Structure formats: structure tokens, C-alpha cells
1. Calculate what fraction, in whole %, of the accessible area of region 189-317 sits on carbon and sulfur atoms when a 1.4 Å probe is rolled over the protein chains.
2. Dipole of region 339-399, Cα-centred, from +1 at each Lys and Arg C-beta and -1 at each Asp and Glu C-beta, to the nearest 20 debye?
3. Once you charge only the Cβ atoms, +1 for Lys and Arg and -1 for Asp and Glu, what is the size of the charge dipole of region 342-438 about its Cα centre, to the nearest 20 debye?
4. At 1.4 Å probe size, with every protein chain present, just tell me what the per residue accessible area of region 143-190 comes to in Å².
5. Could you tally the net charge around L64, taking each other residue with its Cβ under 11 Å from the Cβ of L64, Lys/Arg +1 and Asp/Glu -1?
6. At 7 Å along Cα-to-Cβ for each site, give me the label-to-label distance between Y160 and E136 in nm.
7. Pairs K234/K471; K93/K218; K134/K357: which are spaced more than 30 Å apart, C-alpha to C-alpha?
8. Gain in length, T445 to K93, computed as 0.36 nm per residue apart minus the alpha-carbon separation, to one decimal in nm?
Amino acid sequence: MEDLLGQTWKDREFTLSSVTELSSDASEASPGIARFTSDGLQIHQQSQEISLNFDLRTSQIFKLGPVQSVCIMEGSDVGKAASYSTGVTIQFKNEEECEAFHSVVQQWIKKANVQAGSLPNGTLTTSKSKFDEKIESSSAKMYFHYYGQLLHQQNMLQDYVRTGTYYAAVIENRADFTGRVVVDVGAGSGILSLFAAQAGAKHVYAVEASEMAEYARKLIAGNPKLAQRITVIKGKVEDVELPEKADILISEPMGTLLVNERMLESYVIARDRFLTPTGKMFPGVGRIHMAPFTDEYLFIEIANKALFWQQQNYYGVDLTPLHGTAFQGYFSQPVVDAFDPRLLIAPPMFHVLDFTKMKEEDLYEIDIPLRFIASVGTRVHGLACWFDVLFNGSTVQRWLTTAPGSPTTHWYQLRCVLSQPIYVMAGQEITGRLHLVAHNAQSYTIHLTLSAKMWGPGAEQGGIIQTSSCKLDLKEPYYRMSQAQAYPLAQDQQSQPLVQTQDINIQSHELEEPEIMQQISPNSCAQIDSLMQKI
């Protein structure tokens, strides 16, 4: 059999720029030769007297980058699962040499009538991957284009709450990282991989599907003391193969309302594919917090957007037939901003997502029953939401929170606004349901229902007296402002504390059931009934 260059696969040789044993430092690399024989592949490192022989029927060969590959030799322990802990990383002179090498590998395997066990890292299967089957291609293209730009990576890096909390969670838990294999899921600029290397990781595999992978390689190469322990792999975690299992997964998979962009699913898939049974996840737990709120200013602001469609003589055209549709359209957008926690009119509750145990399918549909007790009599304009995640390190447990009243992050908070507010009195029970349904544009449709129950004497005999529902698209939010708006304080609120959720030290067994957080004193906004009647 002849390869594309007209040479037989047998006795084909490749000159290697460098050969490094997996158990060695990059400083021990030296040039070498890769030679194909009838028995398989022989790799000789100039600094070593002994060559390594790879049986291509049992060994694994992965493409780590344009000019870099790794050859892993299967262990020979009888009765045990295959081990791929012995091998070398090889560097070619150019991309053409690397491509030719892998072409010969496939020819050898075909000649030996052996099916290839795995795909090279960063390549895709000929059929659709799991990611492609559930996400429409146009959404994925825009998503990876967005995260492939440095200006968006800079926006996240400059979120000092986000970046600083990740850094502290890693460095304060050096015991979890020292000497361990780490996989950075959706590595982006590679900053978390560099943190893991700083904490003493044995090796870090930075997996990134967007063009940002090339920038990550450049950034990591510019930090040579850490770069020798980091390998950037361009590809989706659903598709790539890694040469060894990970002791730790680290990732920043959170989107708006925690679940937007559906990267949590990839995080869980990476857990199942790459993490050892006793491995750790940073973060390991997420919580979605919810509380009803009152905000007349916000409600009027949204409603006023539709006033344009109330014109009866717009260049001689009556626009009013579209007013109702426009009104509902504006209320179908979740509001992303930083709000004053005193707008909350009941203590919040939360829903736990345990990344270490949940299944990928658990994220396709999330159903959260709601129950609150109103602290004041007011109009309820909707449901406010935020999230936090836990880094459950062996040394330090650290929370990253996006709570109102805490330092603002690039996630801000999110509010689902009802087009028909409901009235409540102090002590009245508010029930409902927050139902999130994933869709193929990498986001969720939000279905929210809030109801006010009977209150006062005999309330236990009564039922629902008022209900309001809305349907929103998490993919299309209304980005309102960058900082919390100042609201006037009622006299009895001057000494009330804001919500405190950062650095909550809770044990894992306490995560099994939702619990009520510290009560928040709500703000009694002035009622603007006369104005509302005109809308």
C-alpha cells in the first residue's frame, strides 16, 4: 500500500523536532525519529539509548495540535482495565509532516485490518456529534464566534469578582491540584488552566472549541514556566479524546440564570468522559435563588415601550392593532440588571443543581415549585433570580455569588416581569412555578406562574384568589443597566442589612433540601395607580 506521497507505509520515517516522555518535564525534550515497521511504530529520542515500540493495534495516538501529537502505550496488567499512562509527546517540523504522519497511522491500521480506537484530539466524527444533534448550527456558529474574540474574553477577565474568586478557590486549595491531572472545560483564554498550573497541577488539558484556542496557546506559551504543563486542545468536549483521566475538572460554565448557553450540559458530559470516580469539580454545586419583587418604575418602563403602537395617526396609519402584541413582546424579555435587594418582598428560596451527581438530561427541563410569604402589602411585579456556585475544596470552601447587594458581576441579576401584577398583603402566601425548558438555540424558554392565596382568618379553607403568568425567552433578555438603581428608603429600613450570600460555609449534606436564606427587608415602593390605569 502506498500513501499520498507515493511511499510505502512500511519503514516510513519522520524526523521529529522534539520527543518528550509524559512523565518528564518539557526541559527533557530532545529531537527524535518516528519509524513505522511491520510491527507498529518505533519512536527514538536522541537523548535516550532505548526506543519505544508502539503496537498500533492496542496503542492510542492523539493529535493535540497542528504540529503536536501524543502516543500512548497500553498497559499490560492482566485482568485490569486498559491503562495508557506510558507514552510520549511528539512535535513535528510543520503541519504537513504531522498530517502525513497521521495518514500513515491510518494506513497501517487499515492494512492490519484493525479499526481505529479513537479519533485524534480536536477532530470531529463523520456523523453528527451529540452537541450538534441538540444545538442548531447557526446558534453554535454565533456562540463560538462570540467567545473566539478577545474583547469578550477581556470582559470576563475584568469581572474581578469572577476571576478573583476562581483564583482564590484554586490557590487556596493547592492540596487538590498539586501533582494532579486537570481538564479545563471550555478553557477560553486559558486563564483557569494557568491558575491550575500555578497551584501545582501535574498537567492541564485546556479544551476549547472556538478560535480562542489559538490565543490561549499564545498566552500560555508566553508563560513558559507554566506552559510546559499545559496542553491546549481545540475541539468540543463531546468530541475530543484525552490521553489520560483527570483528577479535577475546572470550568466556568455559568450563563445568565446559571443555565443560559447550556454549557452546564457540556460540563456534565466532560465529567462522565474524563473525570476519575473520586475526582473533584470546580465548581461542584450551583444554586438558583428566587424571590418575588415589587418595582413600579421597571414595570412602567417596560409598558411604556409599547406606547408607540398606540398611535392612531402615524403618517395616516392606525398602529393600535399591534399594541397588544408589542406589549406582550416587551414583557417576554427577562430583564438583566443589578437591582436593589430592598425591592424583594419575601425571603428568597433556592434550587440546587449538584454538578457532581446530576445527569445531562436533568438540564433539559428544570421545574421549580415556588412558595413565599409576603413581608409587606404591595404589588408583586414578578420573580427576581440570581445564582451562586460552590468550590468545595479540601482546604477552603468558597462561593461565587451574583446576589443583589453583593459586588456586581458581568452576570448581574435577572428578573421575570409579569404583564399583569398581583396584589398581596403582609403575611399572605405566594405560590407558583418556575419551569425552564431547553431549546436548540442554546438557551431556555421560561414559564413563570405566581399566585396569591387567601389570607387572614379562615385562609386555610380558601384557595387562589389571583394568578398571573408569563412566558419569556432567556436567549433574548433586556439588558437594562450596569449598576443597581438608587431607591428611596422608608424610615423603618435605614438599619436593615442587605442580603449576604458570599462565602457561605455549608456542608454537602445540607444541599439535599432547599432552605430559606437570611430574610431580606423589602422596599415599599410608592403606588402609582393613577398612572397605571392609563397604560
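1. C and S atoms contribute 51 percent here.
2. Charge dipole of region 339-399: 380 debye, to the nearest 20.
3. Rounded to the nearest 20 debye, it is 420 debye.
4. On a per-residue basis, 42 Å².
5. +2
6. Result for the modelled spin labels: 4.1 nm.
7. Correct reply: K234/K471.
8. This chain segment gains 121.7 nm when fully extended.
The values are calculated or read from the model by the stated rules, or taken from the named source; none is laboratory data. Everything numeric in this text was worked out from a predicted model, so none of it was measured. Note that we place each Cβ from the backbone using ideal geometry, even for glycine, and neighbour counts take in every protein chain shown. Just the protein is used for accessible areas: all its heavy atoms, side chains included, with ligands, DNA and RNA removed. Shrake-Rupley method; radii C 1.70, N 1.55, O 1.52, S 1.80 Å.
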